[in-house]
Amino acid sequence: MLARAAANWNRGDLDAFVDDYLPGDSTTFIGRGVLRGPDAIRRAYAPRFAPGATRDSLSFVLLDVDPLAPDVANVIATYVLARRVSGRDSVTAQGPTSLVMRRVNGRWRIVHDHSS
(Lines give C-alpha, C1' and ligand atoms only; values in the text may rest on other atoms or scores of the structure.)
Protein backbone atom coordinates (compact mmCIF):
# COMPACT_ATOMS: atom_id res chain seq x y z
CA MET A 1 0.00 0.00 0.00
CA LEU A 2 2.86 2.42 0.77
CA ALA A 3 4.45 1.71 -2.62
CA ARG A 4 1.09 2.38 -4.32
CA ALA A 5 0.63 5.62 -2.34
CA ALA A 6 4.10 6.84 -3.35
CA ALA A 7 3.48 5.93 -7.01
CA ASN A 8 0.16 7.80 -7.00
CA TRP A 9 1.81 10.84 -5.41
CA ASN A 10 4.74 10.79 -7.81
CA ARG A 11 2.54 10.68 -10.91
CA GLY A 12 0.41 13.54 -9.55
CA ASP A 13 -2.81 11.58 -9.01
CA LEU A 14 -4.31 13.23 -5.93
CA ASP A 15 -7.57 11.29 -6.11
CA ALA A 16 -5.75 7.93 -6.19
CA PHE A 17 -3.41 9.06 -3.39
CA VAL A 18 -6.32 10.06 -1.13
CA ASP A 19 -8.25 6.90 -2.05
CA ASP A 20 -5.93 4.95 0.28
CA TYR A 21 -7.69 6.65 3.21
CA LEU A 22 -10.80 4.88 4.49
CA PRO A 23 -13.92 6.91 3.61
CA GLY A 24 -15.71 8.59 6.51
CA ASP A 25 -15.21 11.26 9.12
CA SER A 26 -13.66 8.80 11.58
CA THR A 27 -10.53 8.76 9.39
CA THR A 28 -7.99 11.26 10.74
CA PHE A 29 -4.77 12.90 9.58
CA ILE A 30 -2.59 14.61 12.15
CA GLY A 31 0.12 16.91 10.82
CA ARG A 32 -0.21 20.61 11.55
CA GLY A 33 -3.54 20.00 13.24
CA VAL A 34 -6.25 17.35 13.01
CA LEU A 35 -8.11 16.73 9.77
CA ARG A 36 -11.17 14.49 9.65
CA GLY A 37 -12.17 12.55 6.56
CA PRO A 38 -10.64 12.10 3.11
CA ASP A 39 -12.26 15.28 1.75
CA ALA A 40 -10.40 17.43 4.31
CA ILE A 41 -7.20 15.50 3.63
CA ARG A 42 -7.64 16.05 -0.13
CA ARG A 43 -8.13 19.81 0.39
CA ALA A 44 -4.94 19.99 2.49
CA TYR A 45 -2.86 18.25 -0.19
CA ALA A 46 -4.48 19.93 -3.21
CA PRO A 47 -2.08 22.91 -3.43
CA ARG A 48 0.85 20.50 -3.96
CA PHE A 49 -0.97 18.93 -6.91
CA ALA A 50 -2.04 22.19 -8.57
CA PRO A 51 -0.64 22.92 -12.04
CA GLY A 52 2.83 24.45 -11.71
CA ALA A 53 3.19 23.53 -8.04
CA THR A 54 6.36 21.92 -6.74
CA ARG A 55 5.71 18.41 -5.49
CA ASP A 56 8.80 16.51 -4.50
CA SER A 57 9.12 12.78 -5.14
CA LEU A 58 7.77 10.63 -2.29
CA SER A 59 9.12 7.36 -0.95
CA PHE A 60 8.80 5.47 2.31
CA VAL A 61 11.27 3.53 4.43
CA LEU A 62 9.26 0.89 6.28
CA LEU A 63 10.38 0.50 9.87
CA ASP A 64 7.78 -1.67 11.60
CA VAL A 65 4.42 -3.35 11.08
CA ASP A 66 2.61 -4.26 14.27
CA PRO A 67 -0.56 -6.34 13.81
CA LEU A 68 -3.18 -5.07 16.26
CA ALA A 69 -6.03 -7.39 15.21
CA PRO A 70 -6.68 -9.74 12.25
CA ASP A 71 -7.47 -6.83 9.88
CA VAL A 72 -5.80 -3.93 11.71
CA ALA A 73 -2.12 -2.94 11.79
CA ASN A 74 0.01 -0.07 13.01
CA VAL A 75 2.63 0.81 10.41
CA ILE A 76 5.62 2.95 11.32
CA ALA A 77 7.75 4.36 8.53
CA THR A 78 9.82 7.32 7.48
CA TYR A 79 8.52 9.39 4.57
CA VAL A 80 11.17 10.91 2.31
CA LEU A 81 10.56 13.79 -0.09
CA ALA A 82 13.31 14.35 -2.65
CA ARG A 83 13.89 16.72 -5.55
CA ARG A 84 16.15 16.11 -8.55
CA VAL A 85 18.77 18.88 -8.65
CA SER A 86 21.69 18.85 -11.09
CA GLY A 87 21.15 15.16 -11.88
CA ARG A 88 21.03 14.08 -8.21
CA ASP A 89 18.22 13.51 -5.75
CA SER A 90 18.31 15.94 -2.87
CA VAL A 91 16.17 15.20 0.20
CA THR A 92 13.95 18.17 0.93
CA ALA A 93 12.04 16.70 3.88
CA GLN A 94 11.72 13.51 5.84
CA GLY A 95 10.04 12.47 9.01
CA PRO A 96 8.18 9.78 10.88
CA THR A 97 4.74 8.57 9.97
CA SER A 98 2.52 6.28 12.00
CA LEU A 99 -0.44 4.75 10.18
CA VAL A 100 -3.24 2.70 11.66
CA MET A 101 -4.53 0.66 8.75
CA ARG A 102 -7.57 -1.58 8.30
CA ARG A 103 -8.04 -4.25 5.67
CA VAL A 104 -11.47 -3.73 4.13
CA ASN A 105 -12.62 -6.04 1.34
CA GLY A 106 -9.04 -7.29 0.93
CA ARG A 107 -7.53 -3.81 0.64
CA TRP A 108 -5.46 -1.99 3.27
CA ARG A 109 -6.77 1.53 3.93
CA ILE A 110 -5.47 4.25 6.26
CA VAL A 111 -7.72 5.00 9.23
CA HIS A 112 -5.35 7.24 11.23
CA ASP A 113 -2.29 9.01 9.81
CA HIS A 114 0.11 10.90 12.09
CA SER A 115 2.96 12.38 10.06
CA SER A 116 5.46 14.92 11.34
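Selection over segment 70-97 of residues that are farther than 22 Å from ALA16 by Cβ, assigned to a strand (DSSP E or B), hydroxyl-bearing (Ser, Thr, Tyr) and out of contact with any Leu (no Cβ under 7 Å at 6 or more places or on another chain) gives a count of 1. Residues that are surrounded by 15 or more Cβ atoms within 10 Å (Cβ to Cβ) and part of a helix (DSSP H, G or I) within segment 13-39 comprise LEU14, PHE17, VAL18, PRO38, listed in sequence order.
Results for (1) in contact with a Phe, Trp or Tyr (Cβ under 6 Å, 6 or more places away or on another chain); (2) under 21 Å from ALA93 (Cα atoms); (3) in contact (Cβ under 8 Å) with a residue 12 or more places away in the chain, shown as yes or no for each residue.
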position	(1), (2), (3)
PRO23	no, no, yes
THR27	yes, no, yes
ARG42	no, yes, yes
LEU68	no, no, yes
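Selection of first residues in segment 1-12 that are part of a helix (DSSP H, G or I) and of second residues that are surrounded by fewer than 14 Cβ atoms within 10 Å (Cβ to Cβ), restricted to Cβ pairs under 7 Å at least 6 apart or on distinct chains, gives the following pairs, ordered by first then second residue: LEU2/LEU62.
SER98 meets the stated requirement of being surrounded by 11 or more Cβ atoms within 10 Å (Cβ to Cβ) and either basic (Lys, Arg) or in contact with a His (Cβ under 7 Å, 6 or more places away or on another chain) (or both).
Taking (1) over 18 Å from ARG11 (Cα atoms); (2) of a type outside the set (Ser, Thr, Tyr); (3) modelled with pLDDT of 95 or more; (4) not in a strand (DSSP E or B) in turn, ARG42 satisfies each apart from (1).
Scanning segment 45-69 for residues that are part of a strand (DSSP E or B) and β-branched (Val, Ile, Thr) yields VAL61, VAL65. For segment 48-63, filtering for residues that are of a type in the set (Ser, Thr, Tyr) and either touching a residue at least 40 places away in the same chain (Cβ under 8 Å) or under 24 Å from ILE76 (Cβ atoms) (or both) leaves 2.
The values are calculated or read from the model by the stated rules, or taken from the named source; none is laboratory data. In this text the structure is predicted, and so the values were computed from the model without any measurement. Methodologically, a virtual Cβ is constructed for each residue, glycine included, from the backbone with ideal geometry; neighbour enumeration extends over all protein chains shown.
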